[in-house]
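Some notes on the structure that comes next.
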Amino acid sequence: MSESALTQALELTKLALLMNYKIYSPQDFPAYLPKLNALFDDLFSGGKGFRSKLIGLVSEPLTLAHSTQTLLGQTIEFIHNASLLHDDLVDRSHLRRGKKTAWLKYTPEYAVLAGDYLLARVMVNLSTFGNIKLVQYTSEMISDLLAGEWLQDSVVGDYFVTLEQLDRIHNLKTASLFKWCLRSPFIASEKYDKELHFILNEMGSILGLLFQRSDDLLDYDIRNDEGKAVLGDLKSGYLNSVGAFLSKGMSKAQLDNLIKATTLAEVHLAFADNADAGKKIFTQKIAEFDEMNIKLIDLYNHHLENLDKILVGNEKALIKNLKPLTEILYWRRKPSS
Amino acid sequence: MPTQYLTLKKNDPDFLNQLWGRTETDKRAIPVKTYNLGTEEESVTFEVKPISDIQKPSLMKLIVALVKLKSFILILFPLFFVLVKNSVDNRFFDPLSMTIVSIATILLFAGLNIRNDVYDHISGFDRVNLDSTPKPIRLGWISAHKASRISLILIFISAFITIPVMILQLELIRVISVALILFILGRFAKHNSYKDRYFAGFILFMLIGPALVSGYQVALGAGVDTEVLGFGVLWGYAVMFLIQVNNFSHIMTSSQSGIKNMMTKLGFDLSQKFLIVCWLGFIGLWVVFHYNYASTYWSVFGTILLIFWSLPLFMKIANIKSPMGSGLQVVRKEAYKTFIMMVFLFFMENLWVIWADLI
């Protein structure tokens with residue numbers, strides 16, 4: 001099989017997986033709503049479905065019913081994609097997953113309505129499932145996600161924002177979904193132990209931060225195997241977590257050079273007059289950034305050890321499933337073991 | 001080697017030992033994450049570090065950070081004001097008592113500053129409201145236990161050396177008794193710290209304002225008068241404004257952690273308006289004080305300058321858009337700068353008074 005055919009097959013498999021989540025209830029996506037189906041298929045076809053896979057990794061050791069897994073997978077993908085629909089419109093982004101964004105391809109009105117529709121379906125299906133704690137927690141997660149979006153928008157153009165402040169925003173915007181992926185299968189199986197949920201919450205928070213920081217590194221072309229556009233955040237006035245880390249302690253002139261940079265070579269020149277020296281300092285700074293995140297991974301493993309102590313029976317298989325996530329999410333590589 | 005972590009719940013017998021640093025002598029547990037602050041479910045994750053791995057600053061840097069040297073202006077300028085006022089009024093009757101009380105106040109203030117850090121560390125205020133100011137306990141430079149002992153020693157020395165002054169100036173006993181009662185009431189009233197409760201806030205205003213200047217003036221044998229009390233009100237108000245600005249700069253982290261204060265109660269938008277009104281109120285008090293106790297020249301010239309220097313502060317408070325971005329720190333710095341300029345104005349005014357008295 002040629003490489004392009006293989007890629008196409010993989011894309012189709014991913015699409016099929018995501019399409020599994022499209023319909024949980026027969027009332028999802030009625031045929032009489034114009035363009036909604038097409039908009040949904042467009043949006044979902046490029047996604048990796050990582051969050052729903054995470055649901056699967058947690059649900060499997062809990063032997064959660066297949067239909068419940070579908071419901072949870074649908075919930076997280078719908079919420080995530082609703083946030084993308086709205087986010088693209090707020091940011092006036094033109095591309096999403098390499099394709100024209102929904103608000104451009106259809107209309108801004110359709111993009112807003114489609115996002116609202118996805119959120120509404122989540123609430124309909126979850127309330128039908130009947131676990132009020134799950135409904136409440138999901139609503140809290142959506143509220144956190146929106147608070148994070150709101151705050152993130154308020155720091156666009158702020159080039160003195162600190163990493164600690166961005167972490168708080170990312171904890172709301174990105175990590176809230178990861179926390180939900182880890183906790184919701186337990187809530188769905190009516191396991192409400194406080195200690196358990198505290199640990200899962202913290203692990204989700206760390207995974208969210210690592211995922212976000214790794215994504216922010218792509219903006220500086222670090223481990224950018226998927227070929228994401230470089231310096232997109234910086235050009236749109238958003239100093240992401242890597243930018244905040246790099247700019248710490250910079251003089252005003254250096255910061256000015258950094259925020260005006262349109263290429264990586266110009267970013268390097270923000271650190272030194274000489275391109276080679278600048279690149280060396282930049283590489284050193286990225287190594288320090290990685291070092292900081294290694295400590296965060298150690299903290300994740302510390303929580304994982306504590307989780308192992310309170311899981312019982314088959315649930316212990318969860319540890320094996322959760323262990324490699326930091327490698328995948330931060331280092332963007334297959335687990336070494 | 002992986003970083004060593006330890007997570008403890010509030011009900012764990014070792015929880016307070018780790019926070020106080022009363023554990024292994026070669027290791028220190030530094031809190032890195034606090035969860036469910038102030039609730040029964042509160043827990044803390046510590047990074048356990050060998051003491052040898054902790055980068056220690058020079059002794060001077062440690063002392064400056066520990067006693068918060070920058071904040072000493074809060075007690076030294078009122079001292080300067082009282083000295084100038086009473087020198088000019090020829091009421092400087094007891095230089096010895098005044099010198100002892102000044103030293104005692106400095107020691108007491110240093111001790112209370114350390115105590116405040118210890119309290120904020122144990123209660124969790126400092127563990128959730130991270131800022132750029134170096135906090136020696138949080139950084140692991142010193143254990144809370146040791147810092148607490150140093151603070152107690154300083155407070156004890158301060159109390160001890162004040163005893164002879166209380167014999168020389170009996171009225172000082174009354175001032176100290178009132179201050180002590182206020183202090184004890186404040187400890188009972190507060191939840192997270194003096195910065196967080198309205199009544200405790202009022203007590204702090206009384207202690208750093210009217211009580212402080214009354215104590216100075218009584219110590220030099222001049223008794224209390226309305227001018228010094230007026231200055232105390234003005235000073236206490238300005239310090240409280242700085243505290244409100246500090247709380248504003250932590251509005252989001254405090255809200256998320258359930259810390260209650262005026263700023264979290266008002267919310268972001270109303271707090272901005274409140275701070276502007278608050279500083280306008282200060283300018284109003286400044287005018288009233290100068291109208292009653294200063295020359296027309298300083299009342300007019302000083303007020304115009306103060307308003308002019310306050311404009312950037314008003315603009316920065318009004319322009320801040322996010323409860324999360326760098327604007328919060330900008331407002332905090334600007335408020336401190338405006339405060340220092342106000343002090344500078346007062347300082348120049350006092351030099352003018354001395355000069356006018358000499359000629």
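Checking each residue of the range B:242-251 against the condition of being among the hydroxyl-bearing types (Ser, Thr, Tyr), under 23 Å from B:Phe183 (Cα atoms) and within 18 Å of the chain's Cα centre (by Cα) gives no match. Of the residues B:Leu6, B:Leu69, B:Leu107, B:Leu62, the single one that is under 25 Å from B:Arg149 (Cβ atoms) and either in contact with a Gly (Cβ under 9 Å, 6 or more places away or on another chain) or free of Cβ contacts under 8 Å to residues at least 40 places away in the same chain (or both) is B:Leu69. Every residue in the range B:158-172 that is under 24 Å from the mean Cα position of the chain (by Cα), farther than 15 Å from B:Leu212 by Cβ and of a type outside the set (Phe, Trp, Tyr), please. Matches in the range B:158-172: B:Ala159, B:Ile161.
Only one of the numbered conditions (1) more than 14 Å from every other protein chain (Cβ to nearest Cβ); (2) of a type outside the set (S, T, N, Q); (3) surrounded by fewer than 17 Cβ atoms within 10 Å (Cβ to Cβ) is violated by A:Leu258, and that is (3).
State yes or no: is B:Arg28 exposed (fewer than 15 other Cβ atoms within 10 Å of the Cβ) and basic (Lys, Arg)?
Spelling it out, it is not the case that B:Arg28 is exposed (fewer than 15 other Cβ atoms within 10 Å of the Cβ) and basic (Lys, Arg).
Of all the listed residues (A:Ser45, A:Ser2, A:Ser93), the sole one being at pLDDT below 80 and more than 27 Å from A:Pro324 (Cα to Cα) is A:Ser2.
Yes/no matrix, rows are residues, columns are (1) farther than 18 Å from A:Asp216 by Cα; (2) part of a helix (DSSP H, G or I); (3) aliphatic (A, V, I, L, M); (4) away from chain B (no Cβ under 14 Å):
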{"residue": "A:Val242", "(1), (2), (3), (4)": "no, yes, yes, yes"}
{"residue": "A:Val267", "(1), (2), (3), (4)": "no, yes, yes, yes"}
{"residue": "A:Thr283", "(1), (2), (3), (4)": "no, yes, no, yes"}
{"residue": "A:Leu296", "(1), (2), (3), (4)": "no, yes, yes, no"}
{"residue": "A:Ala317", "(1), (2), (3), (4)": "yes, yes, yes, yes"}
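Candidates in the range B:247-273 are the residues that are away from every other protein chain (no Cβ under 14 Å), of a type outside the set (D, E, K, R) and loosely packed, with under 15 Cβ neighbours inside 10 Å; of these, the one that is farthest from B:Thr133 (Cα to Cα) is B:Leu270. Within the range B:176-191, not a single residue is basic (Lys, Arg), more than 22 Å from B:Leu16 (Cα to Cα), in a helix (DSSP H, G or I) and at pLDDT below 85.
Each residue in the range A:101-137 was checked for being touching a residue at least 24 places away in the same chain (Cβ under 8 Å) and not in a helix (DSSP H, G or I), and 2 pass. Of the residues making up the range A:145-170, those that are at the interface with chain B (Cβ under 7 Å from one of its Cβ atoms) and under 22 Å from A:Asn81 (Cβ atoms) number 2.
For the range B:31-48, filtered to residues that are within 12 Å of another protein chain (Cβ to nearest Cβ), touching a residue at least 24 places away in the same chain (Cβ under 8 Å) and assigned to a loop (DSSP other than H, G, I, E, B), the residue that is surrounded by the most Cβ atoms within 10 Å (Cβ to Cβ) is B:Glu42.
The values are calculated or read from the model by the stated rules, or taken from the named source; none is laboratory data. Since the structure is predicted, the reported quantities are computational estimates derived from the model, not experimental observations. Reconstructed Cβ throughout: ideal geometry from the backbone, glycine too, with neighbour counts over all protein chains shown.
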